[in-house]
1. Does residue 206 fit the bill of being under 23 Å from residue 150 (Cβ atoms) and within 16 Å of ligand 1 (Cβ to nearest atom)?
2. Please enumerate the residues belonging to region 1-60 that are β-branched (Val, Ile, Thr), in a strand (DSSP E or B) and within 16 Å of ligand 2 (Cβ to nearest atom).
3. Considering (1) without any contact (Cβ under 8 Å) to a residue 12 or more places away in the chain; (2) under 20 Å from the mean Cα position of the chain (by Cα); (3) not in a loop (DSSP other than H, G, I, E, B), say which one residue 111 fails and leave the rest.
4. Suppose we keep only residues that are of a type outside the set (A, V, I, L, M, F, W, C) and crowded, with 20+ Cβ neighbours inside 10 Å within region 24-45. Which one would you say is farthest from ligand 1 (Cβ to nearest atom)?
5. Based on what the data block shows, is residue 69 surrounded by 15 or more Cβ atoms within 10 Å (Cβ to Cβ) and touching a helix residue (DSSP H, G or I) at 6+ places or on another chain (Cβ under 9 Å)?
6. Name the residues in region 114-145 that are within 20 Å of residue 168 (Cα to Cα) and in a loop (DSSP other than H, G, I, E, B), would you?
7. Among the strands (runs of 3 or more DSSP E) lying completely within region 173-263, list those that include at least 3 residues that are surrounded by 13 or more Cβ atoms within 10 Å (Cβ to Cβ) and within 15 Å of ligand 2 (Cβ to nearest atom).
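Computed from the coordinates by the stated procedures, all read-outs in this text should not be read as laboratory data. The shown structure was predicted, so the numbers you read here are calculated from the model rather than taken from an experiment. Here the Cβ positions follow ideal geometry from the backbone for every residue, glycine too, while neighbour counts run over all protein chains shown.
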Amino acid sequence: MTAGLRLVLDKVGHAYDDMTVLDDISLTAEPGRVTVLVGPSGCGKSTLLGIMGGMLAPTTGTVCCQGEVAPDCLNPLTYVFQDFALLPWRSVAGNVALVLEGRLSRAERADRVREVLALTGLTAFADAWPRQLSGGMRQRVGIARALAVRPACLLMDEPLSALDAQTRALLLDDFAALIERSGTTTVYVTHNLAEAVRLGHRIVVLSRRPGRIREIVSIDRPLSDRRAGDADLAAMEAALWDMIRDDAAAAERDGPVSGHVSA
Ligand SMILES: Nc1ncnc2c1ncn2[C@@H]1O[C@H](COP(=O)(O)OP(=O)(O)O)[C@@H](O)[C@H]1O
Ligand SMILES: [Mg+2]
């Protein structure tokens, strides 16, 4: 039996009505590793994440979860979104506690909230309201809430893209440390290649729509050993950009598909 959860996709395809957005995607997200999905806007990254998280059934192919979920895990597959989705009428601690209500006793809940607030550097903000927080702090709350359920698999859809560059850089370092410590299976969608090389153990490069796997790039270095400005990572980022530049330009020319604005 494997420790942790492994997500195995076999020949996954997806269509919205008659528009095919994903084609022939076979990949495995491994426990303790970060699988990053990159590709031009509209190529199906969010759709693929939705399929991996079981929110969306693939039109073709299969997704299978293998392995073991720890007994204290309350929600095996947990999402972190880019728009934070916090309840404005609940404090920071209240927002985190929300996902634990009805599942843990009051005392267990308080312990768990305390623990994840400490982990995400939010202890001093436990009683603050979301509107009092910067975007970066709000996204920390989003992360704290996701970690509170001890997810076996963390699914992140461009969690930093609503933030300014400085906040993003700071949070990126924190994310790397948190992810490495938590040992979950992580799938991280981004269109930012610097994020991809900072966080990814495997970077899955998708073509423009219909998204197909162009390449899978592996980076074995531990996340704790990767720094902004690192020459090897910069070279990898440049190589990734070479792979997707033409597709990104073409996707840009095509513009968003009518009737649906993609993130
Ligand atoms: N619910 C939906 N119904 C119809 N079309 C959709 C829906 N969601 C996404 N799309 C379209 O599918 C394509 C892929 O979308 P998405 O997975 O959001 O791409 P990405 O996250 O890579 O930008 C886009 O063209 C988008 O407009
Ligand atoms: Mg998206």
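1. Here the answer is no, as residue 206 does not meet what is asked.
2. Scanning region 1-60 gives 21, 25, 35, 36, 38.
3. (2)
4. 33
5. Answer is no for this residue.
6. 120, 121, 122, 133, 134
7. 185-189
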